[in-house]
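Have a look at the structure below, then the notes.
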Amino acid sequence: MEADDFARRFSMRSGKLMWLMGAGTSASAGIPTAWDMIWEFKQQLYVSQRRVALNQVADLSNPAVRRQIQDFIAGQETFPDPDSPEEYAVLFEAVYPSEAKRRTYIDAKIAGAKPSFGHVALATLMKAGHTKLVWTTNFDPLIADGCARVFGGTGNLTTVALDAPDFGRETINGERWPAEIKLHGDFRSRRLKNTGDELRQQDATLRDLLVGTCTRSGLVVAGYSGRDESIMNTLEEALEHASPFPGGLFWLHRGEGDPLDRVSAFLSAASDKGVDGGLVRVENFDEALRDLVRLIPDLDTTQLDEFASERSVVSAPPRISGKRGYPVVRLNVSPVSTFGTSDVPRQHLWNI
């Protein structure tokens, strides 16, 4: 499904779609994704076990460096294959065996992060009643920070974490909207889920709540790869009910590649059951939310407009489709009044 098709469907289903958000929604806010952390874990294992200087493998954007590190990781039988669902959890536990160390690592990654355009846009939809419930695997406070800006404080948002799962039931039954439920814990919580054993056993109460709400509402999945078993087991269980995801199921996916096999199988099974939706290819979380707010009538975007004027929005160069081709001229830094007689090839000008 194209992003514009999803945006139109979303605009017609006000309040009937929940969100499930993963680490990818926090990337533009400065928090690394699971993919980023996986490579950092591999880098730390390589440096510590090979006893080499960090600067020798510091540039993780370099394919040669990644191959060097991956060859070392592949030579050890204890680690999963690249891109396997267990890779993140196994590597995290190998580098930081204790919960205290993992908490310290997460705290350092969250420090200094600020909500992105997408978080403020989501809060804007919450205030208008277009979004009532958000499930998230993230530890960060970015949803709350976005709501603080839009609502003028955090008192309007109900936050549920692993410390008080029964409060989640009270929140949903009492319709204490808007609400966020943190499936893997909150950065302030005593309990966090990072390792394989922790992620395999999703809290029973929160799991039942997620299954139940998936039989009454639609779901938008954003920034979540489908790596941990606990969440995917829960979504698959919801799909076994007679009428799952009545408002539709939309899995936002960034990039040209395919999602994990399990995600593809899940979406295929949902389609077979007649669930509306599918895989939605998007540029990123911020751009996807920008498309949504454009189509919502009478939306108060005062705070969102102020936020957009204060902070830049970074997006990838446009994909070429149809009969169009390069060169593409992108003027996102400063106006270009003339091209002169430069010898720079025209096809490179899109990177200005």
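The values are calculated or read from the model by the stated rules, or taken from the named source; none is laboratory data. Only a predicted model underlies this, so the values are computations on that prediction, with no experimental measurement involved. All Cβ positions, even for glycine, are placed from backbone atoms using ideal geometry, and neighbour counts span all protein chains on display. Surface accessibility is based on the protein's heavy atoms, side chains included, excluding ligands, DNA and RNA. Shrake-Rupley method; radii C 1.70, N 1.55, O 1.52, S 1.80 Å.
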Can you tell me the dipole magnitude for segment 1-116 around its Cα centre, using point charges on the Cβ only (Lys, Arg +1; Asp, Glu -1), in Debye to the nearest 20? 440 debye
Length-normalised contact order of segment 61-165 in % [C-alpha pairs under 8 Å, at least 6 apart]: 17 percent
Compute, for Thr104, the solvent-accessible surface of its heavy atoms (probe 1.4 Å) with the complete set of protein chains present, and express it in square angstrom to the nearest 10. 90 Å²
Give me the percent of accessible area attributable to carbon and sulfur for segment 96-186, probe 1.4 angstrom. 49 percent
Probe 1.4 Å, accessible area per residue of segment 224-310, Å²: 47 Å²
Relative contact order as a percentage, segment 208-308, C-alpha pairs under 8 Å and 6+ apart, gives 27 percent
When only alpha-carbon atoms are used, what values of Rg and Dmax, in angstrom, describe segment 1-148? 18.9, 58
With a probe of 1.4 Å, find how much accessible area segment 50-180 has per residue, and write the answer as a whole number in Å². 47 Å²
For segment 203-268, which GluC sites (Glu not before Pro) are in a loop by DSSP, counting at most 12 other Cβ atoms within 10 Å? Glu240, Glu256
Projecting each Cα onto the charge dipole of segment 1-113 (Lys/Arg +1, Asp/Glu -1 at the beta carbon, about the Cα centre), which of Val47, Tyr105, Pro82 comes out farthest on the positive side? Tyr105
Which of the peptides 53-64, 16-27, 277-288 is most tightly packed, and how do the rest follow, judged by the mean count of other Cβ atoms within 10 Å per residue? 16-27, 277-288, 53-64
